[in-house]
Amino acid sequence: MQNVDVAALFTELADLLEIQGANPFRVRAYRNAARTIENLSESVAGIVADPDHDLSTLEGIGKDLAEKIETIVKTGHLPQLEEQRAEIPADVREMLRIPGLGPKKVAALFHELNVRTLGDLRAAAEGGKIAELKGFGKKTAQTILEGLALLEEVGKRVYLAVAKPAADEIVADLLASGTVEQASVAGSCRRRKESCGDLDLLAVASDSKGAMDCLAAHPLVTKVLARGETKQRVRLHSGLELDLRVVPAESYGAALQYFTGSKEHNIVVRRRAQERGLKINEYGVFRGEESIAGQSEEEVYAAVELPWIPPELRENRGEIELAEQHRLPKLLELSNMRGDLHMHTTATDGTASIEEMIEAAKARGLEYIAITDHSKRVTMANGLDADRLREHWRNIDAVRKKTKGIHVLCGIECDILEDATMDLPDDVLAEADWVLAVLHYGLKQPRAKIQERLLMALRNPYVHAIGHPSGRIIGQRPGADIDFDELFHVAKEEGKFLEINADPSRLDLDDVHAAAAKARGIPIVISTDAHSTRGFASMEWGVYQARRAGLTAADVINTLPWKEFSKRIARR
DNA sequence: GCCGTTTTCGGCCCGACTGTTTTCAGTCG
C-alpha cells in the first residue's frame, strides 16, 4: 500500500461525502489529508510500522484520520468508504469528472432523476430530462453530453504516474519473491504513454504457480479476475487491471517486443519479417518451423535488420525509417536535466517556503531553478500583484544571496488574460530573471482569440517561454484551440521557448506537438510546476514525454550548464 | 474532520464566471 493508494481512498471518500451533502469542511479535511499523504516523502506504511509513530503530527491529520490511516495500512480497507460505496454507485462519482458537474448537480441527477450509470446520464441528457431539472438548462445538458464523450474517449485510463509505480512495485516484488527469473512491464506503460488503460507484465518463471500466487496476494491487488496456467488478470486498488503473462525464457524478448507494441509499430515490424521470409509472433522469430530468435528484443529487431528501438518511439511515427538509416536519436535522460524553471512557494499556492524549495532543489542536484509563483489573476491561488511580487523577489534575493551551490532566478508565471494583455505590466516583467507566460482562463475562447493571446505573449520582449501551452488536463479537459503551426512559427521568430510541463496530469506540450516544435528548431524547456518539495520528482514524467517526442539533450534548453543557460536567457 | 484556543466550540481562502435565473447557486481554479 503506497501513499498514493491511501490518498486515493480519502479522495474517493471526500467525493462521495460531498455528493451526500456532508459538511464541506469535513470534506476538505479528507482532501487535505489526501494531499498531505501524497506529498509525504516517507511512506505512511513505513511510519505505521514504527511502534513510536504519531501520525497526528502530520499537517491536517488529527486523531480520527490517524486511526483511519492505520486501518487502511493494516487492512487495506476503510469501512466508512465501503458504507458510502454501498449508497452511491461508482458511475455517479465518475460524473464528477465531467466538467460543469459538481457534487450538487450530481446529487440532483442521482436523487431526482435516479441517474445511476453514465448510460442513464446520456439518456437523460438526450431525452431532454436534464434541461427540465431546476438549476439545469439546455447548455448544461449539452456540456454533459460533451463531457461524456470525453470520458468515453479516455475510458478508465490512469496517468502514467499512477500506473508505472504500481507496475514497478509488482515487478520488483515478483523478482524478490524468487518465483521469477525475469520480469518487466510491457504495453503502453513501457512506452511511457501519458496514460495507461491497463498494465501488461511479462515474466519468465521457474515456478509459474508461485508467481501467480505472489501476484494474487500482492497488497496492491484487490481482486483476481481470471487465472490460468500462464496468464492471470487482476484488479488493483487504483481500478487499473493488470495482466501477468508467464513465458518461456527463449520467448521472452519476442513476447516483450510483441506486448510492448504499439500495434501500429508491430504491424510494420512483422511486415518487414514477411518480406524476409520470416514470421514474428510473441513466441519468437521463425523461418518456417525453425525459431531463429526470441530471447531478447535486440535479437528480434536484428532479425529484421534493425537496431533495437527505444519503447518510447514505437508508435510508427517514423522510427522504423530512422532505425533503418541508423539515425535514431540519442534520447534525453533524466540525468541530463540541470535546471527546473517552473515552481511555486507559499507566496501563492505552493506548500513549501522559498528556503525549502531551494534546499530541495539542491538536494536533487539541480544547478539552477526559477521560482515562478502565480500572478494576480489567479485569485484562488493567492496570485501576486506588482507590489507583492516585488516583495517576493526581494525575499528570494535575500535567500539566494546566502545560498551556495545553486543559482536561483526570480521568476513569475504570468497569466495571459482573456483580453490578450499580460496580467502584470511590462515594467514589472522587465525586472524578472525569468518570465513564463501561461493561459489559465478562457481556454474555451475561439481559435482566433486564443491565437491573439499566445502571439501577444510570444511577442512581449520580457517573456521567455510559454508554460503548459494548451492548458489541457489529461482525460479531463481538452486544451485550447491552438494553431500550432503559427505558434511555432512565431516562437521561432521571437526566439522563445516552449514548455513541456512535467506535471503528470498536464504533460503539455504533448509528445506530438513537442516533436513538431523540435522539427522547427524551437528549444524546449521541461519543468515540474512543483507545488511542494516533492513536486520536483515529476521531472521524470516530463522527460518521458520528451523521449516520446524523440527529443535529445540538445533539444532541451535546461540541460545546459548554468553558464550557457544564463547567456541564452540574458536580455539583449 | 482539523485546529487552536480568550480550552470545548467556532472558524476553516474566495473572486470570477457561467448558466441559470430575475437575484443567485454552482463550479472552477
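The values are calculated or read from the model by the stated rules, or taken from the named source; none is laboratory data. If you're wondering where the values come from, they're calculated on a predicted model, not measured in any experiment. Positions of Cβ are generated from backbone atoms using ideal geometry, with glycine treated the same way; all protein chains shown enter the neighbour counts. SASA here: full protein model, heavy atoms, side chains in, ligands and nucleic acids out. Shrake-Rupley method; radii C 1.70, N 1.55, O 1.52, S 1.80 Å.
A compact table of results
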quantity	calculated
Dipole axis of segment A:204-329 (+1 Lys, Arg; -1 Asp, Glu on Cβ), positive-most option in A:268, A:300, A:211	A:211
Diffusion constant of segment A:305-350 at 10 °C, which comes from Stokes-Einstein with the Kirkwood Cα-pair radius and 1.306 mPa s, µm²/s	116
Candidates per GluC sites (Glu not before Pro) in segment A:228-271, loop by DSSP, up to 12 other Cβ within 10 Å	A:229
Overall form of segment A:468-567 per C-alpha gyration tensor (a/c, 1.5; a/b vs b/c)	oblate
Solvent-accessible area of residue A:9 with every protein chain in place, 1.4 Å probe, in Å² to the nearest 10	20
Potential lengthening between residue A:346 and residue A:50 on full extension [0.36 nm per residue; Cα-Cα distance subtracted]	103.5 nm
Alpha-carbon Rg with Dmax, taken over segment A:275-327, Å	11.6, 34
Residue A:390 accessible area, 1.4 Å probe, all protein chains in place, Å² to nearest 10	60
Chain A: radius of gyration over Cα atoms, expressed as a fraction of 2.2 N^0.38 Å	1.03
Rounded percent of accessible protein surface that carbon and sulfur make up, chain A, 1.4 Å probe	50
Amide H contacts of residue A:247 (H built 1.01 Å from N, under 5 Å, at least 5 apart or other chain)	A:203, A:204, A:205
Packing-based order for A:185-192, A:553-560, A:287-294, using average beta carbon neighbours within 10 Å, highest first	A:185-192, A:553-560, A:287-294
Mean residue ellipticity (222 nm) of chain A, computed from DSSP H runs ≥ 4 via -39,500 (n - 2.57), nearest 500	-13000 deg cm²/dmol
For segment A:1-156, projected area of the alpha-carbon convex hull averaged over all directions, nm²	9.8
Coil-residue GluC sites (Glu not before Pro) of segment A:38-101, DSSP, other Cβ within 10 Å capped at 16	A:42, A:59
Expected-Rg normalisation [2.2 N^0.38 Å, Cα atoms] applied to segment A:411-464	1.06
Size of charge dipole - segment A:68-133 - debye, nearest 20, with Cβ of Lys, Arg +1 and Asp, Glu -1, no other charges	180
Unit charges at the beta carbon, dipole of chain A: most positive-side option, A:143, A:184, A:8	A:143
Listed residues A:398, A:370, A:357: farthest to the positive end of the dipole of segment A:357-406 (Cβ charges)	A:398
Sparse-neighbourhood loop sites, trypsin sites (Lys or Arg not before Pro) in segment A:107-155 - DSSP loop, at most 10 other Cβ within 10 angstrom	A:134
Mean Cβ neighbour count within 10 Å, used as a protection proxy, ranking A:333-345, A:24-36 highest first	A:333-345, A:24-36
